[in-house]
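The values are calculated or read from the model by the stated rules, or taken from the named source; none is laboratory data. The structure displayed is predicted, hence computed values, not measured ones. Counting neighbours? That spans all protein chains shown, and the Cβs are built from the backbone with ideal geometry, glycine included.
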Amino acid sequence: MSKSNGRRGDDDSSTPMNVTRKQFDWAETRPSAAVTEYISAMTGREQTDFAPLYETIDPEALDSLVDSSDRSTPVSISFEYAGHSVTVRSDGELVIKAPRARIGR
């Protein structure tokens, strides 16, 4: 356990994050589509407001890697997209971490 000295560190604990989890059935929803649709819904912004997912990660590769229909070992892919930390798991879980909005002037 590290000692806190009040200074901002390199780890994620220095930035408060909102964590949202949602379960999907990858047989019904492509993981790449779930990422863009869910971030759009979370932020209240249109998907076209964000850079295309393919500028961050290959959507077809993402879909293929987390397709659990022929895998016996769980797979988890993490990446940054539209200012959010994203983790897509082969068990159907999508985890989105977004920085908390700071209120102040």
- State whether one or more residues within region 60-80 are surrounded by 14 or more Cβ atoms within 10 Å (Cβ to Cβ), at pLDDT 95 or above and under 10 Å from the mean Cα position of the chain (by Cα). yes
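Does region 34-55 include one or more residues that are of a type outside the set (K, R), at positive phi and at pLDDT 70 or above?
Yes, because at least one residue in region 34-55 is of a type outside the set (K, R), at positive phi and at pLDDT 70 or above.
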- Would you please name the residue that is modelled with the lowest pLDDT, looking only at residues in region 85-105 that are outside any loop (DSSP other than H, G, I, E, B) and more than 19 Å from R30 (Cα to Cα)? P99
